[in-house]
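Read the structure below first, then the notes.
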Amino acid sequence: MNSAVMRLRRTVSLLVVMVMMVLLDFTNYVWTLPAPSGVSMESVDMSHVLRWRPPQAPCNTAVLYSVQFQGEFELTVLNGSWVNAPECQWIPDAHCDLTFDLGSDSDYNVHVRAQCGSQPSPWTELSPPFNRRDTVLTAPEMAVAAVGDGLRVSFDKLPLTAVVRVTVWKRGDELQAAVYSLPAEESVLHVPALQEEAVYCVRAQTVLDTQLYSSSTDSQCVSITGDGAWKKPTTVTVTVIVMAGLLFAVFWSVVHCRPRACRTYFHKEPLPHSLKADWDIQIPMSPEEAELCEPIQVSVDPRPPTG
């Protein structure tokens, strides 16, 4: 009885060992491709790029990579499931842009794996988890120009969900500086009604959730010329040039006009018949009026009367 039990136990142990060896051989067959290494997140100005090093293993075809992420919503609502990053499936590059996938301020778990043909590697997880509030903010790209009696301050490539704090002051009076807040989606700030002929300076920095600040830009100073400072001289100059041109054209025409050409250009039109001096006016008369108007001859005696 005891010997039978012992033989049974040995048989079971031998079977367990054989099963484990088979499973190990199967596992070694499945996971022969090494996993990617050096997984890291590069986040600058709210742009998040996951990077990794390719596995050091021969592959007859191109090695492709897939990325998945898991945020607070996936952990609490979707029972800890992982979501495929849409733009990072079966890609040949060893980097992936996750800017629009990691869209909240929660902690995200991210992992990546490689695949050679039909042979996948294990997942390599990013450690520690990533939160977009850990992004690095840089000073914004700013351009300042004087427009009339104001300033036009424009920015390029501002981070998403950020605000730009713009400080404007009259040179020599920085203690009286004005501070403006500009949402990232607007990118242009107009500062009107400034003092003409004065110099104003501007600097700016990016702010994220009032907790994370970038460094400030270098101060940029411009002179406010105003509208009237250039319109009046320009109007006078244009008027003088036009009048001088007209006078020169008239003078040149008079000097260089030949008699025959002048007669051609300055042709004298004849007077209309109604304005001629030799009028021949005949007034029609009735026969009775004609009889009354017969000429009467009157003779005058030149001798003086005798008394």
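The values are calculated or read from the model by the stated rules, or taken from the named source; none is laboratory data. All values derive from a computational prediction rather than experimental measurement. Cβ sites come from the backbone with ideal geometry, for glycine too, and all protein chains shown count toward neighbours. Keep in mind that these areas ignore ligands, DNA and RNA; they rest on the heavy atoms of the full protein, side chains included. Shrake-Rupley method; radii C 1.70, N 1.55, O 1.52, S 1.80 Å.
State yes or no: is Pro92 in contact with a strand residue (DSSP E or B) (Cβ under 7 Å, 6 or more places away or on another chain), under 30 Å from Val163 (Cβ atoms) and modelled with pLDDT of 95 or more? Here the answer is no, as Pro92 does not meet what is asked. In the stretch 143-156, is there at least one residue being basic (Lys, Arg), within 19 Å of Ser215 (Cα to Cα), surrounded by fewer than 18 Cβ atoms within 10 Å (Cβ to Cβ) and touching a strand residue (DSSP E or B) at 6+ places or on another chain (Cβ under 8 Å)? No, because not a single residue in the stretch 143-156 is basic (Lys, Arg), within 19 Å of Ser215 (Cα to Cα), surrounded by fewer than 18 Cβ atoms within 10 Å (Cβ to Cβ) and touching a strand residue (DSSP E or B) at 6+ places or on another chain (Cβ under 8 Å). Candidates in the stretch 44-58 are the residues that are part of a strand (DSSP E or B) and farther than 18 Å from Gln89 by Cβ; of these, the one that is farthest from the chain's Cα centre (by Cα) is Arg53. Of the residues examined, Glu186 is one that is open to solvent by 50 Å² or more (accessible area, probe 1.4 Å), free of Cβ contacts under 8 Å to residues at least 40 places away in the same chain and more than 30 Å from Ser40 (Cβ to Cβ). Evaluation of Arg133 against the conditions (1) more than 16 Å from the chain's Cα centre (by Cα); (2) open to solvent by less than 20 Å² (accessible area, probe 1.4 Å) shows that the sole unmet condition is (2). Put simply, of Ala114, Ala162 the only residue that is open to solvent by less than 20 Å² (accessible area, probe 1.4 Å), out of contact with any His (no Cβ under 8 Å at 6 or more places or on another chain) and either β-branched (Val, Ile, Thr) or within 17 Å of Val39 (Cα to Cα) (or both) is Ala114.
Taking every residue in the stretch 139-158 that is touching a residue at least 60 places away in the same chain (Cβ under 8 Å) and pairing it with any residue that is of a type in the set (Phe, Trp, Tyr) and in a strand (DSSP E or B), at least 6 positions away or on another chain, the pairs with Cβ-Cβ distances below 6 Å are Pro140/Phe155; Met142/Phe155. Considering the stretch 47-63, the residues that are touching a Pro at 6+ places or on another chain (Cβ under 9 Å) and within 17 Å of Val110 (Cα to Cα) include one that is most open to solvent (accessible area, probe 1.4 Å), namely Arg53. Taking the criterion of being touching a residue at least 12 places away in the same chain (Cβ under 8 Å) and either touching a strand residue (DSSP E or B) at 6+ places or on another chain (Cβ under 7 Å) or closer than 18 Å to Asp105 by Cα (or both), the residues of the stretch 76-86 that qualify are Trp82, Val83, Asn84, Ala85.
The rows are residues; the columns are (1) out of contact with any helix residue (DSSP H, G or I) (no Cβ under 8 Å at 6 or more places or on another chain); (2) basic (Lys, Arg); (3) in a loop (DSSP other than H, G, I, E, B).
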| residue | (1), (2), (3) |
| --- | --- |
| Asp105 | no, no, yes |
| His111 | yes, no, no |
| Ala114 | yes, no, no |
| Pro122 | yes, no, yes |
| Ser127 | yes, no, yes |
| Ala139 | yes, no, yes |
| Ala145 | yes, no, no |
